[in-house]
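Read-outs: derived from the displayed coordinates by stated rules, not from any lab. The structure presented is a predicted model; accordingly, all values stated were derived computationally and were not measured. Neighbour counts are summed over all protein chains in view; Cβ atoms, including those assigned to glycine, are modelled from backbone coordinates with ideal geometry.
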Amino acid sequence: MNNNNTNSIGITTKDICADVINKSLDNKNDTDYVGEDGHCYCGVCKKAKTMTSPFGDGEEVGIPCDCIKSENAAKEEARKRNKHRIMVERLRREGLSDAAYGNNTFENDETPNCQASQIARYYVDEWVNQKERGQGIIFYGNCGTGKTFYATCIANALLEQGIRVYVTNIPRLMSYTPDQMRNVDSMLNACDLVVIDDLGVENPNAYNFSRVNDVVDRRYTSGLPIIVTTNLDISELELTTPTNDRERKLNRIYDRILEMCPMRVAAVGESRRREKAIRARAEEAAKFREWQKKQNI
């Protein structure tokens, strides 16, 4: 091969090689030293930083010592983390219909030993199997007991892994315009997991029945999992003997949800929101008393 071959912009192969060699020698610093073989060694890791060119021209070329390798590996890891962070932020923007859902994480779980928390963590750990089987969870119970919190803890944990999740609630679904609903439909079709919050609060009219039924049908047909939260009791979902048209429509929706969600988790206890409000009031009262002392009131 002729090393002096010129490319279309007038740069020879030899020029390119020389540039690479010069750049490879830029990794020297004040602590380096020359070894008995005449090559440069790193003053920190004591590994060679130069070698004789393998092309037989006798030129000295730079090679990475362990320090440079570690530095390059750290830079590559940082690049991957940044790329992953950007991807997760995009998935959050697309998948969380309410930004407040993003605060619900296992790191913020104040009752990690309760059954709802343990099952939520188990679901994340077993996600691959749960998705393969198309299995979801129903979190049910009174208002404020953590149903939405644990459902969205699952969503956020999976989003962190780069898994596409869509979280919305029934009132929001009812408020979407047809154009907005088309975007929602694409999310329902594309996402690995869909979380529907507040099932059962919708007004029982034909339009709302149709919209909820369409969402459930899409997940049922795709074989992909759904997680549902509801204030209804399981007995209310198991309408085994519907007596009117409304109950028959609900029965079809609920029957499919029960089939898709073999795990039914009762969120029990006092309202978490009420307890949080009580703590906040107590903290604010303490701050106010401290302020009074400083003001000599």
Can you give me the long-range amide H partners of Val167? Hydrogens built in the peptide plane at 1.01 Å from N, cutoff under 5 Å, separation of 5 or more residues or another chain.
Leu96, Ser97, Val195
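What is the local net charge at Ile138, summed over the other residues whose Cβ is closer than 10 Å to its Cβ (Lys, Arg +1; Asp, Glu -1)? Intermediate results must be reported in sequence, preceding the final value.
Numbers: positive: Lys147, Arg264; negative: none.
After counting each charged neighbour, the total is +2.
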Around Tyr33: net Lys/Arg minus Asp/Glu count, Cβ-Cβ under 13 Å
0
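Which percentage, to the nearest 5, of the DSSP beta bridges contained in the chain is antiparallel? Show your work: numbers first, answer last.
Values: 7 of 25 bridges.
Counting DSSP beta bridges with both partners in the chain, the antiparallel share is about 30 percent.
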Unsatisfied cross-links (Cα-Cα over 27 Å) in the set Lys46/Lys80; Lys75/Lys131; Lys83/Lys147; Lys147/Lys249
Lys46/Lys80; Lys75/Lys131; Lys83/Lys147
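Using Cβ counts within 10 Å as a stand-in for footprinting exposure, how do Glu107, Glu238, Glu36 rank, fewest first?
Values: Glu107 9, Glu238 12, Glu36 6.
Fewest-to-most Cβ neighbours within 10 Å comes out as Glu36, Glu107, Glu238.
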Tell me which residues come under 5 Å, amide H to amide H, from Cys45 once H is placed; ignore anything under 5 positions away on its chain.
Cys67
For the range 98-276, place one equal point scatterer on every Cα, skip the solvent, and apply the Debye formula. What is log10 of I(q)/I(0) at q = 0.17, 0.19 Å⁻¹?
-1.10, -1.37
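Summing Lys, Arg as +1 and Asp, Glu as -1, what charge do residues with Cβ under 14 Å from the Cβ of Arg90 carry, Arg90 excluded? Display every interim value, and only then the final one.
Working: positive: Lys83, Arg85, Arg92, Arg93, Arg164; negative: Glu89, Glu94, Glu160.
It works out to a net charge of +2.
Could you grab the relative contact order for the range 145-297? Cα pairs under 8 Å, six or more apart, rounded to a whole percent. Present the calculation step by step, with values, prior to reporting the outcome.
On the way: 143 pairs, mean separation 37.2, N = 153.
The value is 24 percent.
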Enumerate the calculated ³J(HN,Hα) couplings along the range 134-143 in order (Karplus 6.51 cos²θ - 1.76 cosθ + 1.60, θ = phi - 60°), each rounded to whole Hz, writing x wherever the residue is Gly or Pro.
x, 9, x, 9, 10, 9, 10, x, 5, 4
Taking amide H positions as placed in the peptide plane 1.01 Å from N, state which residues far from Gly146 in sequence (5 or more) or on other chains have amide H under 5 Å from it.
Arg272
Each residue of the range 151-164 in order: what ³J(HN,Hα) in whole Hz does its phi give by Karplus 6.51 cos²θ - 1.76 cosθ + 1.60, θ = phi - 60°, with x for Gly and Pro?
4, 7, 4, 4, 4, 5, 5, 6, 4, 4, 8, x, 8, 7
Can you compute 3J(HN,Hα) from phi for each residue in the range 208-221, using the Karplus curve 6.51 cos²θ - 1.76 cosθ + 1.60 with θ = phi - 60°, rounded to whole Hz and x for Gly and Pro?
5, 4, 5, 5, 5, 4, 5, 4, 5, 4, 4, 6, 5, 5
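Would you order Arg81, Arg121 from fewest to most other beta-carbon atoms within 10 Å of each residue's own beta-carbon?
Details: Arg81 10, Arg121 17.
Starting with the residue having the fewest Cβ neighbours, the order is Arg81, Arg121.
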